[in-house]
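Only one structure is covered here, and it is reproduced in the block below.
Readers should treat all values here as calculations from the given coordinates under stated rules, not as data from a laboratory. The structure presented is a predicted model; accordingly, all values stated were derived computationally and were not measured. Ideal geometry is used to build each Cβ from the backbone, glycine not excepted, and the neighbour counts take in all protein chains shown.
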Amino acid sequence: MNSTTKRIIILGTAHGSNVPGKCSPDKKFREYQFSREVIGILKPRLEAAGYTVFVDMPEDVVPTPQVNELAKRCRFVNGICAKHGTQNCVYVSIHVNAAGSGGKWLDARGFAVYVARSCSATSKNLAKTFCELAVSRNLHGNRSIPGEHYWQANFYVLRETACPAVLTENLFQDNRDDVDFLTSPTGKEAIVKLHFDAINQVFGK
């Protein structure tokens, strides 16, 4: 990649309409829908800034069981990497967190970003940038932040994709205040802008 070429951004949607749970306790907020709405705004904004952008699974219904969904996402990402060069690609999977699974409103709130337990320096740098921007914009919520400014996990789509990858958890779908924010025009724009600015700060040179 020469110095004038911006990276290829692969955006990952969250789950699907046919995956149970993944919603607010009152069922009014759905993670799959929010993720795709954010990506629908973010993708053309990145393209206008000169990036080539792909979306791993834009359709609402995803393969089941989940292992088939995750494997399909990784095949998609890795196919782009094989065609364009792993060093030119980055994967950003966009989700909304949940503190529980019992359908109750809970107290945890705020932004988090994950990388694989064994990942590249580029993944760590992007994740740290996401976290620092979220903190500066008062999106970090009420939980303690790791000293590295990112979380590490064994998520399939982080572990099995060939290129640098992060997974963002954009506030909590089982926190009333977070859901009120995410469903507002201001909140949605804040999440879109966070992703655009983090990506552009790291790869826009």
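Overview of values
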| read-out | value |
| --- | --- |
| For HIS195, HIS149, order by how many other beta-carbon atoms lie within 10 Å, fewest first | HIS149, HIS195 |
| Assigned charges on the beta-carbon of Lys, Arg, Asp, Glu; the chain dipole about Cα centre (debye) | 400 debye |
| Fewest-first ranking of VAL135, VAL192, VAL166, using other Cβ atoms within 10 Å as the exposure measure | VAL135, VAL192, VAL166 |
| Pairwise label distance in nanometres, GLN201 with GLU37, each label 7 Å out on the Cα-Cβ vector | 2.5 nm |
| Calculated [θ] (222 nm, deg cm²/dmol) that DSSP helices of n ≥ 4 give over the chain, each run adding -39,500 (n - 2.57) | -13000 deg cm²/dmol |
| Reduced Cα scattering model of the range 39-106, Debye log10 I(q)/I(0), q = 0.17, 0.24 Å⁻¹ | -0.81, -1.18 |
| Gain upon complete extension [GLU59, SER120; 0.36 nm per residue less C-alpha separation] | 19.0 nm |
| Two-site FRET efficiency, SER144 against LYS83, from Cβ-Cβ distance with R₀ of 30 Å, rounded to 0.05 | 0.15 |
| Derived scalar couplings ³J(HN,Hα) [the range 71-78; Karplus, 6.51 cos²θ - 1.76 cosθ + 1.60; whole Hz; x for Gly, Pro] | 5, 5, 4, 5, 4, 4, 4, 5 |
| Those Cys residues of the chain for which no other cysteine Cβ falls under 4.7 Å | CYS23, CYS74, CYS81, CYS119, CYS131 |
| Residue order, fewest to most surrounding Cβ atoms within 10 angstrom, among ARG109, ARG137 | ARG137, ARG109 |
| Amide H within-cut-off set for ILE8, under 5 Å, with H built and near neighbours excluded | CYS89, VAL90 |
